[in-house]
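Here the structure comes first, spelled out in structure tokens, and everything after it is commentary.
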Amino acid sequence: MSGGLFSKIVRGEIPADILYQDDLVTAFRDVHPQAPVHVLVVPNREIPTMADVAAEDEAVLGRLLLVASRIAADEGVAARGYRLIVNCREDGGQEVPHVHLHLLGGRPLGPMLARK
Ligand code: AMP
């Protein structure tokens, strides 16, 4: 059994504002939202980073995107648009070692990267 933070949320062992869960993925609100809508969609299985995915993860990776699209519609941000982000390892700024898709929307998000 995996012992990371997001695995504990997936299993309901620590509280989170869960919006959706199925056999492959779980979606919950980010505890420190960077936009009016900030939802994380995670695989139920603890894959550490995008650098660790394999061919067998194709279905779950597809499900992450499909669920993010549905939640964006449910949250009312699909018409104006939104951003999906997956940070990977140190240079990508990943803090939690469990793959997660950030869904951000509800305001203009500006340029993709901060200018140096
Ligand atoms: P990243 O930097 O891509 O690894 O993003 C990790 C995200 O997890 C951050 O946006 C955090 O605010 C969020 N986060 C950390 N702990 C929790 C938690 N207990 N519940 C919900 N979101 C969390």
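The values are calculated or read from the model by the stated rules, or taken from the named source; none is laboratory data. If you're wondering where the values come from, they're calculated on a predicted model, not measured in any experiment. Heads up, the Cβs are rebuilt from the backbone with ideal geometry, glycines too, and the neighbour counts pull from every protein chain shown. Remember, those area values only see protein heavy atoms, side chains included, never the ligands or the DNA or RNA. Shrake-Rupley method; radii C 1.70, N 1.55, O 1.52, S 1.80 Å.
Considering the conditions (1) over 20 Å from Gly3 (Cα atoms); (2) open to solvent by 30 Å² or more (accessible area, probe 1.4 Å), Leu103 is excluded by exactly one of them, (2). Answer yes or no as to whether Asp57 is out of contact with any helix residue (DSSP H, G or I) (no Cβ under 8 Å at 6 or more places or on another chain), within 11 Å of the ligand (Cβ to nearest atom) and at negative phi. When the stated conditions are applied, Asp57 does not pass them. Out of curiosity, is Val42 among the β-branched types (Val, Ile, Thr), loosely packed, with under 13 Cβ neighbours inside 10 Å and within 11 Å of the ligand (Cβ to nearest atom)? No: the conditions fail for Val42.
Ile47 fulfils the conditions (1) assigned to a loop (DSSP other than H, G, I, E, B); (2) farther than 24 Å from Arg107 by Cβ; (3) open to solvent by 50 Å² or more (accessible area, probe 1.4 Å) except for a single criterion, (3). The single condition from (1) free of Cβ contacts under 8 Å to residues at least 60 places away in the same chain; (2) away from the ligand (no atom under 13 Å from the Cβ); (3) open to solvent by 60 Å² or more (accessible area, probe 1.4 Å); (4) not hydrophobic (A, V, I, L, M, F, W, C) that Pro33 fails is (2).
Looking only at segment 84-100, filter to residues that are open to solvent by 60 Å² or more (accessible area, probe 1.4 Å) and more than 9 Å from the ligand (Cβ to nearest atom); which one of those is nearest to Pro48 (Cα to Cα)? Of everything passing the filter in segment 84-100, Arg89 is nearest to Pro48 (Cα to Cα). Scanning segment 1-18 for residues that are within 12 Å of the ligand (Cβ to nearest atom), without any contact (Cβ under 8 Å) to a residue 40 or more places away in the chain and open to solvent by less than 60 Å² (accessible area, probe 1.4 Å) returns Ile9, Val10, Ile14, Ala16.
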